[in-house]
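Here's the structure, in structure tokens; my notes come after.
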Amino acid sequence: MIVWIWDASGPAADACGVAGTREAARSAAGSLVTSGQADTARIEQAAIVVGHALSYDYCLTGRAWTARLNAGRLTWAPVPRPGRAAS
């Protein structure tokens, strides 16, 4: 199963969560940036890996974006993967 992990941090908020879609993760993290509670946000795609005793963990896929406010507008930019050019 693919999920999206998000986090946002700044002067009034440090928050994180898991969403089912990229859009939901962007909305959750981005709302903290646009409200002024956080300075930056990040979302990253992950796969849920189920272990032997029904435990689970997240395996990051390397697809990630960061967000900042630029002239009052929320802008998302891809995070380059190690050894690859940004796409």
*Please tell me if Ala85 is out of contact with any Phe, Trp or Tyr (no Cβ under 7 Å at 6 or more places or on another chain) and modelled with pLDDT of 95 or more.*
no
*Taking region 43-72 as the region of interest, how many residues are among the small types (Gly, Ala, Ser) and on the phi > 0 side of the Ramachandran plot?*
3
_region 28-87, residues that are surrounded by 12 or more Cβ atoms within 10 Å (Cβ to Cβ), among the basic types (Lys, Arg) and assigned to a strand (DSSP E or B)_ = Arg42, Arg63, Arg68
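Is it true that some residue in region 46-58 is under 23 Å from Pro78 (Cβ atoms) and polar (S, T, N, Q)? Reasoning before the result, please.
Quick first cut of region 46-58, residues under 23 Å from Pro78 (Cβ atoms) only: 46-48, 58.
Still in the list and also polar (S, T, N, Q): none.
The answer is no, given that none of the residues of region 46-58 is under 23 Å from Pro78 (Cβ atoms) and polar (S, T, N, Q).
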*Could you run through region 15-27 and say how many residues are open to solvent by less than 60 Å² (accessible area, probe 1.4 Å) and either of a type in the set (D, E, K, R) or part of a helix (DSSP H, G or I) (or both)?*
2
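The values are calculated or read from the model by the stated rules, or taken from the named source; none is laboratory data. As the structure is a computational prediction, the values presented were derived from the model and not from experiment. Using ideal geometry, Cβ is built from the backbone for each residue, glycine included, and neighbour counts are taken over all protein chains shown. Just the protein is used for accessible areas: all its heavy atoms, side chains included, with ligands, DNA and RNA removed. Shrake-Rupley method; radii C 1.70, N 1.55, O 1.52, S 1.80 Å.
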